[in-house]
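The values are calculated or read from the model by the stated rules, or taken from the named source; none is laboratory data. The model shown is predicted, which means the values in this text are computed figures rather than measured ones. Cβ coordinates were reconstructed from backbone atoms using ideal geometry, including for glycine residues, and neighbour counts include every protein chain displayed. Heavy atoms of the whole protein, side chains included, go into the accessibility calculation; ligands, DNA and RNA do not. Shrake-Rupley method; radii C 1.70, N 1.55, O 1.52, S 1.80 Å.
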Amino acid sequence: MAKEVRTRFAPSPTGYLHVGGLRTALYGWLFSRKHGGKFILRIEDTDQQRFVDGAVDLIYRSMAETGLTYDEGPDIGGNYGPYIQSERREIYKEYADKLVEAGGAYYCFCDKDTLDAKRKIAEDKGEAYRYDRTCMNIPLEEARKRIAAGESYVVRQRIPDEGEAYFDDLIFGHISVDVAELEDGILLKSDGLPTYNFANVVDDHLMEISHIIRGTEYLSSTPKYNLIYRAFGWDVPEYLHLPPVMKNEKQKLSKRHGDASFEDFLQKGYLKEAIVNYIALLGWSPGTNQEIFTMEELYKAFDVSGISRSPAIFDVQKLTWMNEEYIRNMDVDAFIERARPYFAEAIDPDQFDMHVLCAALRPRISTLCDIPEKIAFLAKMPDYDIELFRHKKMKTDPVMAADCLNACKAVLETVEDWRIDPIHDALSALAQERGQKPGQLFYCLRIGITGTAVTPGGAMEAAYLIGKEETLRRLDESLSKLA
Ligand code: GLU
């Protein structure tokens, strides 16, 4: 590749980062990193009606969280700024005038009422409305005079009278439409702001974007954009249009169902690393069986030939599996730090041996949100039913439990060094002495000190974590239940 690779992510500040948008950003980032190029963040906020407060900050935050570092952007600057479209007004105006001069556009003075009336006539006849080019042949001098006199106007693209509008997409190949099907759309509105159709072309050219990576919703309008590039005499960039990410074959991911955005999944307790890793594989295959990737491995493996043309289906189960892998394999201190707020919902993390707790817990959770419920027994023993001690296979029942717990209590009182090994040794010796299966003893003890038959880790871990004093207190509580 001769030219420097420059890709961009160009989100509109809508207030959330859609999974599809995150994938677009990620592929742009991977592509630029792979080729030693630059990745640029541009905020597309010309549609002021869609503007949501705080949405731009959310974009910065999401980019930082996902590790999609950019080389140029509104908050870090760069040589091609401003990187926020609403701050580029003058630039669009200047280029709209230039395009008129180059013959690729014209000034249009048709007012809204006239256009609405024409649209209605067409619709009444059951015809599709298209702008009738009333203003196309107004001599330029005359148009400029009318503008100078303060008349309201828009700038419209002048679609050539015949021929094809086309482009080559690196994923979808050659895409071409007959210009007869295209309308002279508005490029600059009467308020002086550009439409997306114009802004994206001007910005991508001026920012020297070499590869435009975005969703397939822009596939059908790209031939039109290329007409603008050609009218200016500009080099056209390379294009990669990415198929959508769907919930299933028919339904889109939806904000309403809480499965559409990066933030939705963070909130559900998925790790950002797992989300990003999973999303990388949504519609791209490395051509090997590898599924867990670091960011560096990802960009090294990334290749356009592995991108699929068909819509990607978001498989929550697969994401959950990947999340479990990340939870299990993450550095334990990093995990404790990350999961701290979830632990804090149930316990005071400073009061517990977090390394022992995590060793027991990590293999048993799918998301961080599973943590509080799984460790609630540490804070307080629930008021359980003594029938819990009755287990057919274990051959235990409340009467035997009372006997076991009494014996456990007597032995545990003597354990000075309250660590798992000494606790284990003392209890194993007890089981042997009593001629009892250790499993039976531990089963009763676990219930007797946690109030539940399922805990992360066994009875010994539970006793150790809860602490000697509290273990003995809980044994008393259970014994009085059993009495
Ligand atoms: N601002 C557009 C969007 O959020 C991006 C289009 C593009 O990447 O060209 O959909």
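Only residues that are touching a residue at least 24 places away in the same chain (Cβ under 8 Å), open to solvent by less than 40 Å² (accessible area, probe 1.4 Å) and not basic (Lys, Arg) were counted in segment 154-174, giving 8.
Taken over segment 287-314, the criterion of being outside any helix (DSSP H, G or I), closer than 23 Å to ILE327 by Cβ and not acidic (Asp, Glu) is satisfied by ASN289, GLN290, ILE292, PHE293, THR294, PHE314. Restricting ALA165, ALA122, ALA128 to those that are within 40 Å of the chain's Cα centre (by Cα) and modelled with pLDDT under 95 reduces the list to ALA128. Taking segment 448-468, which residues are over 17 Å from HIS424 (Cα atoms) and surrounded by fewer than 18 Cβ atoms within 10 Å (Cβ to Cβ)? Those that are over 17 Å from HIS424 (Cα atoms) and surrounded by fewer than 18 Cβ atoms within 10 Å (Cβ to Cβ): THR452, ALA453, VAL454. The residue pairs whose first member lies in segment 2-17 and is over 17 Å from ILE84 (Cα atoms), whose second member is more than 10 Å from the ligand (Cβ to nearest atom) and part of a loop (DSSP other than H, G, I, E, B), and whose beta carbons are closer than 6 Å, counting only pairs six or more residues apart or on different chains, are LYS3/SER210; GLU4/GLY37; VAL5/HIS35; VAL5/GLY37; VAL5/SER210; ARG6/GLY37; ARG6/GLU208; ARG6/SER210. Applying a threshold of 7 Å to beta carbon distances and a minimum spacing of six or more residues, or different chains, the list of pairs starting in segment 343-365 at a residue that is in contact (Cβ under 8 Å) with a residue 40 or more places away in the chain and ending at one that is assigned to a loop (DSSP other than H, G, I, E, B) reads ALA360/PRO456; ALA360/GLY457; LEU361/PRO456; ARG364/PRO456. ALA231 meets each of the listed conditions (1) open to solvent by less than 40 Å² (accessible area, probe 1.4 Å); (2) within 15 Å of the ligand (Cβ to nearest atom); (3) at pLDDT 95 or above apart from (2). Restricting attention to segment 7-31 and to residues that are closer than 18 Å to TYR239 by Cβ and assigned to a strand (DSSP E or B), the residue that is farthest from the ligand (Cβ to nearest atom) turns out to be THR7. ASN197 falls short on exactly one of the conditions (1) assigned to a helix (DSSP H, G or I); (2) open to solvent by less than 10 Å² (accessible area, probe 1.4 Å); (3) closer than 30 Å to ARG23 by Cβ, and that condition is (2). Of the numbered criteria (1) over 20 Å from the mean Cα position of the chain (by Cα); (2) touching a residue at least 24 places away in the same chain (Cβ under 8 Å); (3) open to solvent by 60 Å² or more (accessible area, probe 1.4 Å), the one ILE76 fails is (2). Scanning segment 360-383 for residues that are surrounded by fewer than 17 Cβ atoms within 10 Å (Cβ to Cβ) and more than 25 Å from ILE275 (Cβ to Cβ) yields ALA379, LYS380, PRO382, ASP383.
So is GLU183 surrounded by fewer than 18 Cβ atoms within 10 Å (Cβ to Cβ), more than 14 Å from the ligand (Cβ to nearest atom) and closer than 23 Å to GLY78 by Cα or not? Spelling it out, it is not the case that GLU183 is surrounded by fewer than 18 Cβ atoms within 10 Å (Cβ to Cβ), more than 14 Å from the ligand (Cβ to nearest atom) and closer than 23 Å to GLY78 by Cα. Here LEU68, LEU41, LEU58 are screened, and the one residue that is at pLDDT 95 or above, more than 13 Å from the ligand (Cβ to nearest atom) and either under 24 Å from the mean Cα position of the chain (by Cα) or buried (at least 23 other Cβ atoms within 10 Å of the Cβ) (or both) is LEU68. Quick one: which of GLU238, GLU249, GLU263 is touching a His at 6+ places or on another chain (Cβ under 8 Å), of a type outside the set (A, V, I, L, M, F, W, C) and open to solvent by 40 Å² or more (accessible area, probe 1.4 Å)? Checking each option against the conditions leaves just GLU238.
Among the conditions (1) in contact with a helix residue (DSSP H, G or I) (Cβ under 8 Å, 6 or more places away or on another chain); (2) under 24 Å from THR14 (Cα atoms); (3) more than 11 Å from the ligand (Cβ to nearest atom); (4) not charged (D, E, K, R), the only one that SER220 does not satisfy is (1).
Tallying residues that are open to solvent by less than 40 Å² (accessible area, probe 1.4 Å), farther than 24 Å from ILE292 by Cα and outside any helix (DSSP H, G or I) within segment 323-351 yields 2. For segment 1-31, the set of residues classified as under 18 Å from LEU319 (Cβ atoms), open to solvent by 10 Å² or more (accessible area, probe 1.4 Å) and aliphatic (A, V, I, L, M) consists of LEU17 only.
Per-residue answers, yes or no, for (1) in contact with a helix residue (DSSP H, G or I) (Cβ under 8 Å, 6 or more places away or on another chain); (2) more than 15 Å from the ligand (Cβ to nearest atom):
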site: VAL5; (1), (2): yes, yes
site: ARG33; (1), (2): yes, yes
site: VAL52; (1), (2): no, no
site: SER62; (1), (2): yes, no
site: GLU87; (1), (2): no, yes
site: LEU99; (1), (2): yes, yes
site: GLY103; (1), (2): yes, yes
site: PHE109; (1), (2): yes, yes
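Could you count how many residues in segment 469-483 are open to solvent by 50 Å² or more (accessible area, probe 1.4 Å) and in contact (Cβ under 8 Å) with a residue 60 or more places away in the chain? Summing the residues that are open to solvent by 50 Å² or more (accessible area, probe 1.4 Å) and in contact (Cβ under 8 Å) with a residue 60 or more places away in the chain in segment 469-483 gives 4.
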